[in-house]
Amino acid sequence: AVVSTQSTGEEKLKQCFAHIESWMASSFLKLNPSKTELLFISHKSDSTPNPVGPKCSLQLSRTIKAVPTTAAQIVPKNVAKNLGVIFDENLTMIPNVSKIIRECNFKLVSLRRIGNKLTKEQKIQLVHTLIHSRLDYCNGLLTGLKKKEIARLQKVQNAAVRFIYNRQERRGVTQLRKNLHFLPIDARIKFKICVMVHKCVYGTAPDYLSDLIRRRPAKPQTPRQNEDFTRLDLDHSTKLPSSQAAFKVIGPRHWNCLPRELREVEDEDSYKSQLKTHLFEESYETMPTRNESKKRKRTTCSTLSSSAGASH
């Protein structure tokens, strides 16, 4: 008899839930079907992302001693929450970004109501506690996010900077953010990835992460004295754009771009301090302020006008 793909998928999922239920029962835990979410993750170009059908529902049977056997249905969803992070079926992380923005904007509105009664130092402390803590929570998962989504998160940080300086206009935030020594959003994401790679390299990360990182092996032939052994092997096993944000791909890439003297720092606290300084200088050296942009425009306009006059 030929077994259909849908029935095979349902059986596998039932077995999976049965194993989870058995493991939780042996660990004196209880599986709550009403709080269990089922999410099928696939590429957005896949025409049939759900292997068990769009209207599939699993019958989760709970057979625990001294409790009558009950059943509950688990229906697949488009988004699911895990440890406070919202995942969607294509792993675009857009629903999670929207949730972060809503929560931060709500907190900023509440802070503005008492802003005139706070000092600048108190405002900075509140921004770190309420805004940056939310922006930095699991932000390593935002690696590879589209630039427009990064820009949405950057607007939240810019609004927090305006709150600190009591500014209402939506301009001139870059220099203010630089004065506060705030890393921009993309640099904060890179900081988290580089810290995780440092833990993998120096043996303080769990094995499931350390196994993804491989040091570049030394060449058996007479190695050069200036050969850099702190660099990591790059993963070229896949060329798919959706796989370039994987930790084993983007982690070594970010690590190898760091200066050699920074990669050789073994102490974690010292490494974090120097890494922040490096990313800070890297971010604001390539980010001109509004006055610098105006000067560049004036210089360009004067150059064009002088060349036009010379041609006449």
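The values are calculated or read from the model by the stated rules, or taken from the named source; none is laboratory data. Note that this is a predicted model, so its numbers are computed, not measured. Areas reflect the complete protein model, heavy atoms only, side chains present, ligands, DNA and RNA absent. Shrake-Rupley method; radii C 1.70, N 1.55, O 1.52, S 1.80 Å.
Side notes on the structure shown:
- Alpha-carbon gyration tensor eigenvalues x 5, square-rooted, for segment 92-216, Å: 31, 16, 13
- Relative contact order (percent, whole number), segment 109-253, Cα cutoff 8 Å, 6+ residue spacing: 20 percent
- Heavy-atom accessible area for Arg171, with the other protein chains in place and a 1.4 Å probe, reaches approximately 140 Å².
- Residue pairs exceeding 22 angstrom between C-alpha atoms, taken from Lys35/Lys77; Lys147/Lys190; Lys107/Lys199; Lys147/Lys199; Lys155/Lys272; Lys35/Lys199: Lys107/Lys199; Lys147/Lys199; Lys155/Lys272; Lys35/Lys199.
- Computed over protein heavy atoms with a 1.4 Å probe, the carbon and sulfur contribution to the accessible area of segment 234-279 reaches 52%.
- Of Leu153, Leu118, the residue with the largest accessible area leads and the full order is Leu118, Leu153 (1.4 Å probe).
- Among the protein heavy atoms, those of Glu282 account for about 80 Å² of accessible surface (1.4 Å probe, every chain in place).
- Of all aspartates and glutamates in the structure, the ones whose alpha carbon falls short of 12 Å from that of Lys146, not counting any fewer than 8 places away in one chain, are Asp186.
- Rolling a 1.4 Å probe across all protein chains gives Cys257 an accessible area of roughly 90 Å².
- Using a probe of 1.4 angstrom and keeping all protein chains present, the accessible surface of segment 69-195 works out to 54 square angstrom per residue.
- Amide H to amide H distances under 5 Å link Ile74 with Leu58, Leu60, where only residues 5 or more positions off or on other chains count and H is placed in the peptide plane.
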